[in-house]
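No value in this document is a laboratory result; all are computed from the given coordinates. Fair warning: this is a prediction, and the values are worked out from it, not measured in the lab. Here the Cβ is made from the backbone with ideal geometry for all residues, glycine too, and neighbour counts use every protein chain on show.
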Amino acid sequence: MLDRIDLSIAAGEFVAVLGPSGSGKSTLLALMAGLDRPTAGEVRLNGRAIQDLSEDALARLRRDTIGFVFQSFQLLGNLTARENVLLPLELAGRSDARLRADELLAAVGLAERGHHYPSQLSGGEQQRVALARAFGPRPPILLADEPTGNLDRATGKLVLDTLERLRADHGTTLVLVTHDTDVARLADRRIHLVDGRIDREEQAVEQAVP
């Protein structure tokens, strides 16, 4: 449960959300995506209040505006890696869907693994497929819920490096929930939640160029 959260995120910003279990991190993402509706207040996206939109309108909003990356990958097991990336592109009616899927798999280093099913891929490879799928429709906003939580440190770093590169290439606004302070240090801003409230915010410290 969240309590009187007042938060604005600028286009292109990378914000990390930290806090103990039960502090409201995943609830905050769900509200941002219109998956949950606030009991008070409002959620605005590009100046538009979304909490009163119909379910169909919210589904279109998520399809066109918001990408998701989950800790548990959420790949469809009966589809190959390429088909998982291809599916949202085809649903969006992209005429270049197949070319785009191939480009994205290459961008995450899996050009030769597109014909493999999720069960045939490592955890890190599955998460990179999930990144390719999320970036496929070029969403202006990406919400990531513990995207490295199921990965070892080395594999997690590879996934984060890939995520950061894709975000920079696409100019995507990224909101990432994490327990890992090393991951959070990559963000432009860090939001610490405690008991559903913002406990403190931290801005990234610019390092001087020698």
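Given R₀ = 22 Å, FRET efficiency for Ala168-Leu45 by Cβ-Cβ distance, to 0.05?
0.50
So for the chain, taking the charge dipole from beta-carbon charges (+1 Lys/Arg, -1 Asp/Glu), which of Leu151, Leu75, Leu31 sits furthest toward the positive end?
The residue sitting most towards the positive pole is Leu75.
Residue separation times 0.36 nm, minus the C-alpha to C-alpha distance between Leu99 and Arg37: what's the value?
Full-extension gain reported as 18.6 nm.
If you add up the charges near Gln126, with Lys and Arg at +1 and Asp and Glu at -1, over every other residue whose beta carbon is less than 12 angstrom from its beta carbon, what do you get?
+2
Using DSSP loop states and a limit of at most 14 other Cβ atoms within 10 Å to flag GluC sites (Glu not before Pro), what is the longest stretch of the chain containing no flagged site?
With GluC sites (Glu not before Pro) excluded where exposed in loops, the chain gives 113-205 as its longest stretch.
For a quick check: sort Leu18, Leu31, Leu87 by the number of other beta carbons within 10 angstrom, fewest at the front.
Leu87, Leu31, Leu18
For segment 17-125, just say rounded, prolate or oblate: build the C-alpha gyration tensor, square-root its eigenvalues into a ≥ b ≥ c, call rounded for a/c under 1.5, and beyond that prolate if a/b exceeds b/c, oblate if not.
oblate
Classify segment 14-203 from the C-alpha gyration tensor, please: rounded if a/c falls under 1.5, else prolate or oblate depending on whether a/b exceeds b/c.
oblate
Given the Cα-Cα distance of Leu79 and Asp182 and 0.36 nm per residue of separation, how much length would full extension add, in nm?
33.7 nm
For Arg60, Arg167, what ranking results if the residue with the fewest other Cβ atoms within 10 Å of its Cβ goes first?
Sorted ascending by nearby Cβ count, the order is Arg60, Arg167.
Quick check: from the Cα gyration tensor, does segment 104-183 come out rounded (a/c under 1.5), prolate or oblate?
Oblate, because a/c is 1.5 or more while a/b does not exceed b/c.
Applying 1/(1 + (r/R0)^6) with R0 = 25 Å to the Cβ-Cβ distance of Ala92 and Ser72, what FRET efficiency is obtained, to the nearest 0.05?
Using R0 = 25 Å, I get an efficiency of 0.60.
Return the calculated 222 nm mean residue ellipticity for the chain, to the nearest 500 deg cm²/dmol, obtained by summing -39500 (n - 2.57) across DSSP H runs with n ≥ 4 and dividing by the residue count.
-11000 deg cm²/dmol
For the modelled label position 7 Å from the Cα of Lys157 along Cα-to-Cβ, which residues of segment 111-127 have backbone nitrogen atoms closer than 17 Å?
Answer for segment 111-127: 124-125.
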